[in-house]
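Just so it is clear, none of the values below were taken in a lab; they were calculated from the coordinates. Please read these numbers as outputs of a predicted model, since none were measured by experiment. In this analysis, Cβ positions are derived from the backbone assuming ideal geometry, glycine residues included, and neighbour counts consider all displayed protein chains.
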Amino acid sequence: MIDKTRLAQKCSTWNIDLTGSQLDLLDRYAQLLVDYNQKVNLTAITTPEGIEDRHFADSLLFAAQPEVCGKLVDVGTGAGFPGVVAKILKPDLQLTLMEPTGKRVDFLKYLCGELGLSGVAFAKERAEEAARKSWREQFDVACARAVAALPVLCEYCLPLVRVGGVFIAMKGPDAPQELAASGSALNKLGGRAGETRRFTLPDGSARCLVLLKKISQTPPAYPRNGGKIAKKPL
């Protein structure tokens, strides 16, 4: 399916060294994704190089960050990016895949079973609802690769992170402007801006990883319900 040598070469520019078994798992992942995508809409990207660049390389770049360790929750994971790829790179991760769409959760369970991945939990919930339950402040790291603006993502993700942990948002070239608009949300949610790390993906597109540290507990009033979060971001 994918060109394993090509993917390995691309990742080597970031000093990410993939083993043969990891490349085999990613190849199998790609084939399962494309096959399953014929009956459930998981991704618009189905070419081998598109999957390598837009899904795998992007996810591996996130996963290679030293902060990605311990208990990781991938919020709105969709077809498993970046969480499942992170688990392949770092098998010791305790991964929770959070996805509200039942058909996608079914795929994720099937995928992890086919890949033989253990230590993976599945949360068929919206993040704002999960953070009001037993998932609140349970994770070392939260991540989101979503189109929502950063102030909105902060309210979804920071309540899930323990004090001392980090939320890593995977954003495009507008990350600095989004971060500048997130000051109020960070103050209210117990967060603080850390580094923004800039990269260029193999297809030439810009990727910014925005690190937001959890420095104090999120007040009980947050997160609000999804409608309020969308209509009136913090």
Cα-based helix-to-principal-axis angle, 20-36 vs the chain, degrees rounded to 10: 80 degrees
Leu26 neighbourhood, Cβ < 14 Å, K/R = +1, D/E = -1, net charge -2
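Based on DSSP, what percent of beta bridges with both residues in the chain are antiparallel, to the nearest 5? Please report the intermediate quantities before stating the final value.
Numbers: 14 of 32 bridges.
Counting DSSP beta bridges with both partners in the chain, the antiparallel share is about 45 percent.
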Where is the GNM fluctuation largest for the chain (alpha-carbon springs, 10 angstrom cutoff): Thr43, Thr218, Thr96? Thr43
Helix 102-115 sits off the longest principal axis of the Cα atoms of the chain, rounded to the nearest 10 on a 0 to 90 degree scale, by 50 degrees
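Below 8 Å between Cα atoms, with a sequence gap of 6+, how large is the relative contact order for segment 4-231 in percent?
On the way: 420 pairs, mean separation 36.7, N = 228.
Over segment 4-231, the number comes to 16 percent.
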Set Lys71/Lys213; Lys171/Lys213; Lys133/Lys232; Lys188/Lys228; Lys87/Lys133 screened for pairs whose C-alpha atoms are more than 18 Å apart: Lys133/Lys232; Lys87/Lys133
Rg and Dmax in Å for the chain, alpha carbons only: what are they? 16.9, 50
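Which net charge results when you count Lys and Arg as +1 and Asp and Glu as -1 among the other residues whose beta-carbon is under 13 Å from that of Met1? List each step's numbers first, then the result.
Numbers: positive: Lys4, Arg6, Arg28; negative: Asp3, Asp24, Asp27, Asp35, Glu49, Glu52.
Residues near Met1 contribute -3 overall.
Could you tally the net charge around Lys214, taking each other residue with its Cβ under 10 Å from the Cβ of Lys214, Lys/Arg +1 and Asp/Glu -1?
Around Lys214, the surrounding residues sum to +1.
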Rough spin-label spacing in nm, given labels placed 7 Å along Cα→Cβ, for Ala221 and Asn187: 1.3 nm
